[in-house]
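Just so it is clear, none of the values below were taken in a lab; they were calculated from the coordinates. What you see is a predicted model, and the numbers here were worked out from it, not measured in a lab. Here the Cβ positions follow ideal geometry from the backbone for every residue, glycine too, while neighbour counts run over all protein chains shown.
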Amino acid sequence: MTRQSIFITGAASGIGRATAVQFHDRGWFVGATDVDEAGLASLSDQFEGDCFISRLDVSDKPAYDEVISEFAQSSGDRLDILFNNAGIAIFGKIEDLPFQKVIDTVNINFVGVLNGVHAAMALLKQTPNSLCFSTASSAASFGTAGLATYGATKAAVKSLSEALSVELARHDIRAADVSPGIIDTPLWETRGYVKGEMKPIANAAKTNVNRTDAGRTLSPDEVASCVWEAYQGDKLHYYVPPEVADHEKAKVADPEKMRDAQIGRRKK
């Protein structure tokens, strides 16, 4: 019998890397992909070569198909978890962002997930009790000003998970997602656009490190543990920290109240 296997996008750092480490420690065969080849190489060194690594731009469907085919040869045609994790965030008001950056966000954060689902479908079908798992975001609960396109792509990921959880059940494939809050990852080590120019922005993971509410900064290991929990469980949406779910419930109950509160805070 071949080892259980997981294929992770965005695996060179942050949530993807933490997940790769946790699953490898549990004896799983890990497929790790990213555009960060140096990060992948260090992960391979950490695993002493006991893994599959490949550069992958998830927005490139032909490349995705090729990498999945290569992974299948290494995993014995088995895929227990497809972890659609790769993502980018471009900070700035919608009118300040170069439009190509907006399209890049859509292509990586959402089209990249679709590419993964289609590329990996045959492997998922032939692996009993397989799981199609994706990284959404707390920004999907209510669109975040300055991250409008990012939040929209993550809301789309959640909707896709819901539909796939029904569609793919006939193949014994499950679908679920996780909505992380503020996680200490390289996502926050960036700059934002102000009137079309790149400017320094506050690193939310660093500024929120002393908070104790739903906006507190957490380790990528917290989300990696959630991926493991999802494989063992049967929930559709997971939240890290759990209080993120309360934010979503509040939005559903009264979205106008949440909108007005956020407008009021920005005016101040």
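Between 0 and 90 degrees, rounded to the nearest ten: what's the tilt of helix 112-125 against the longest Cα principal axis of the chain? Taking the Cα atoms of the chain, the angle to 112-125 is about 30 degrees. Dividing the Cα radius of gyration of segment 220-262 by its Kirkwood radius returns 1.14 for Rg/Rh. Take the Cβ atoms of S159 and E66, set R0 to 35 Å, and the FRET efficiency comes out at 0.80.
Please report the orientation-averaged projected area of segment 14-61, defined via the convex hull of its C-alpha atoms, in nm². Walk me through the intermediate numbers first.
Values: hull surface 13.2 nm².
In nm², the orientation-averaged hull projection of segment 14-61 is 3.3.
Dipole magnitude for the chain: computed about the Cα centre from +1 point charges on Lys and Arg Cβ and -1 point charges on Asp and Glu Cβ, it is near 1120 debye.
How much length would be gained if the chain were fully extended between A38 and A145, taking 0.36 nm per residue of separation minus their Cα-Cα distance, in nm to one decimal? All intermediate terms of the calculation are to be shown ahead of the outcome.
Details: separation 107, 0.36 × 107 = 38.52 nm, distance 3.30 nm.
The A38-A145 span can extend by a further 35.2 nm.
Placing unit charges on the Cβ atoms of the charged side chains and taking the dipole of the chain about its Cα centre, the candidate lying farthest along the positive direction among G87, L56, T33 is G87. For the chain, a/c is not less than 1.5, where a ≥ b ≥ c are the root eigenvalues of the C-alpha gyration tensor, and a/b tops b/c. That puts it in the prolate class. Relative to the longest principal axis of the Cα atoms of the chain, the long axis of helix 148-167 makes an angle of roughly 40 degrees.
The distance from the alpha carbon centre of segment 218-261 to that of segment 125-202 is 11 Å, rounded to a whole number.
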